[in-house]
Amino acid sequence: LLRRVYFLQELGVSDLMQLNVPLRASLYEAFARGRLPFWTDRIFGGWPQIAELQIGAYFPPFWLGPWSDPAWATSLSVALLMLIAGLSTYRLARTLGLAPFPALVAGASWPLSGQWLSHVVHPNLLGAVALAPLAFAYVEESKRRGRAARLIWLAPVMALSFFAGHPHMFYLSAL
């Protein structure tokens, strides 16, 4: 499996092919063996794999897909993140008072924007920002009279954002 990944890696120089897919392949192999990937000696001469946030080992959308093909699983994860970002943005737009159709346009615009699509090679970055509009919606809703309890939902959303693998994007959303 890793030989196939290394072949794919030669096809393109990007974080996706040089870092994310090989790390994900090693992650999936460890999961298939029923263990957590604390260390791998098959990438970069040795790597503390589970400590590397870019692998997104703690982020559920990165657990998707056929375990035998990490490139396919990564593509599936990116598609799921686009859907999550669209739904999250739709929710924010509705919270801000937009009618359903303009909110739908907003929800489609964010995951299809140039900013989003230019980072398809960074699925962990996309995972960190896909839920940001939902977090903003919870904050916005909590400002309304009698809705302060909505902030309780902010914690799991922000935790998922952190575990996606780009902590600086989490910090920007938290600010």
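The values are calculated or read from the model by the stated rules, or taken from the named source; none is laboratory data. This structure is a prediction, so every number in the text was calculated from the model and none was measured. Heads up, the Cβs are rebuilt from the backbone with ideal geometry, glycines too, and the neighbour counts pull from every protein chain shown. Heads up: the accessible areas ignore ligands, DNA and RNA and are worked out on the full protein's heavy atoms, side chains in. Shrake-Rupley method; radii C 1.70, N 1.55, O 1.52, S 1.80 Å.
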query: Would it be correct to say that Val139 is surrounded by fewer than 20 Cβ atoms within 10 Å (Cβ to Cβ) and not hydroxyl-bearing (Ser, Thr, Tyr)?
result: yes
query: Can you name the residue in region 152-172 that is free of Cβ contacts under 8 Å to residues at least 24 places away in the same chain and closer than 15 Å to Thr95 by Cβ and is also surrounded by the most Cβ atoms within 10 Å (Cβ to Cβ) among such residues?
result: Leu154
message: Suppose the filter is assigned to a helix (DSSP H, G or I) and touching a Lys or Arg at 6+ places or on another chain (Cβ under 9 Å); does Tyr171 pass it?
response: no
message: Regarding region 110-121, can at least one residue be identified that is in contact with a Phe, Trp or Tyr (Cβ under 9 Å, 6 or more places away or on another chain) and either assigned to a loop (DSSP other than H, G, I, E, B) or hydroxyl-bearing (Ser, Thr, Tyr) (or both)?
response: yes
field: Within region 21-52, considering residues that are among the hydrophobic types (A, V, I, L, M, F, W, C) and open to solvent by 50 Å² or more (accessible area, probe 1.4 Å), the one nearest to the chain's Cα centre (by Cα)
entry: Ala51
query: Considering only region 130-168, how many residues are part of a helix (DSSP H, G or I), closer than 22 Å to Asn20 by Cβ and touching a helix residue (DSSP H, G or I) at 6+ places or on another chain (Cβ under 7 Å)?
result: 5
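Yes/no per residue for (1) at pLDDT 95 or above; (2) part of a loop (DSSP other than H, G, I, E, B); (3) open to solvent by 50 Å² or more (accessible area, probe 1.4 Å); (4) out of contact with any helix residue (DSSP H, G or I) (no Cβ under 8 Å at 6 or more places or on another chain):
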site: Thr74; (1), (2), (3), (4): no, no, no, no
site: Ser77; (1), (2), (3), (4): no, no, no, no
site: Leu81; (1), (2), (3), (4): no, no, no, no
site: Ser88; (1), (2), (3), (4): yes, no, no, no
site: Leu92; (1), (2), (3), (4): yes, no, no, no
site: Gly97; (1), (2), (3), (4): yes, yes, yes, yes
site: Ala103; (1), (2), (3), (4): yes, no, no, no
task: Take region 105-124 and flag every residue that is open to solvent by less than 20 Å² (accessible area, probe 1.4 Å) and modelled with pLDDT under 90.
output: Trp116, Pro123, Asn124
query: Gly127: open to solvent by less than 40 Å² (accessible area, probe 1.4 Å), outside any helix (DSSP H, G or I) and either touching a residue at least 40 places away in the same chain (Cβ under 8 Å) or of a type in the set (Val, Ile, Thr) (or both), yes or no?
result: no
- prompt: Can we say Ala149 is among the small types (Gly, Ala, Ser) and open to solvent by less than 50 Å² (accessible area, probe 1.4 Å)?
  reply: no
- prompt: Which residues, counting only those in region 55-72, are outside any loop (DSSP other than H, G, I, E, B) and open to solvent by 50 Å² or more (accessible area, probe 1.4 Å)?
  reply: Pro60, Trp63, Trp72
